[in-house]
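For reference, the structure discussed in these notes is given below.
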Amino acid sequence: LLDLDDVDDTIDMVSESPYIDSDIAVEYLTKFKDEFTVLSLNIQSLSAKYSKLTSFLQNLSNSDLFFSAICLQETWMNGDISDYPLYTNIPHYQTIFLKASCSTHGGLIIFLHESFTYTNRNLYTRSKIWEGIFIDVHHQSFKQKLTLCNIYRPPRNRNCDIDSFLSIYEPVTHM
């Protein structure tokens with residue numbers, strides 16, 4: 001891990017995370033190279049952080065490491081996927097996209113590695129309370145499908161939203 005006291009004195013073209021060092025990430029992820037791995041990030045604007053994300057993924061790729069899936073929340077993309085060709089194409093990944101619907105800061109993407117196939121699960125109905133993408137992931141090494149969910153609920157200050165979210169989401173977990 002990086003020394004957080006030194007972070008403010010560091011200047012990079014693509015800034016590193018103050019929480020994890022890329023070299024340590026490579027060392028750690030090497031142990032899980034043959035496992036299904038998921039990177040989940042609340043990216044808070046994909047267009048603003050795209051170069052940082054792709055730089056990190058390129059660093060992993062240089063060590064022949066790839067996440068099986070990358071789940072992004074708060075992409076801030078409220079148009080159609082065709083409106084964002086630069087930010088929705090990452091080499092070696094398929095893009096599953098849901099535009100922002102519950103807030104302007106919403107929007108979800110799953111980047112699924114090309115070595116996997118998937119089928120959509122229609123478990124999400126457009127809502128002002130939350131967003132969700134659900135897919136069944138398939139691979140010849142799997143004994144059965146894997147269901148991957150990428151969900152987002154905006155952090156509103158009303159407790160009734162939490163209850164509403166749970167009442168809507170809980171039945172989905174049983175499907």
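Counting only residues that are over 21 Å from Ile43 (Cβ atoms) and at pLDDT below 95, segment 89-127 holds 5 of them.
Might you check whether a residue that is β-branched (Val, Ile, Thr), open to solvent by less than 20 Å² (accessible area, probe 1.4 Å) and in a loop (DSSP other than H, G, I, E, B) occurs anywhere in segment 130-152? Checked against the condition, which is being β-branched (Val, Ile, Thr), open to solvent by less than 20 Å² (accessible area, probe 1.4 Å) and in a loop (DSSP other than H, G, I, E, B), segment 130-152 yields no hits at all. Does Ser68 satisfy being open to solvent by less than 80 Å² (accessible area, probe 1.4 Å) and touching a strand residue (DSSP E or B) at 6+ places or on another chain (Cβ under 8 Å)? Yes: the conditions hold for Ser68. For segment 43-52, the count of residues that are touching a helix residue (DSSP H, G or I) at 6+ places or on another chain (Cβ under 8 Å) and buried (at least 17 other Cβ atoms within 10 Å of the Cβ) is at least one.
The values are calculated or read from the model by the stated rules, or taken from the named source; none is laboratory data. None of the values given here were measured: they were computed from a predicted structure. Cβ: placed from backbone, ideal geometry, glycine included. Neighbour counts: every protein chain shown. Just so you know, the surface numbers come from the protein's heavy atoms only, side chains and all, with ligands and any DNA or RNA stripped out. Shrake-Rupley method; radii C 1.70, N 1.55, O 1.52, S 1.80 Å.
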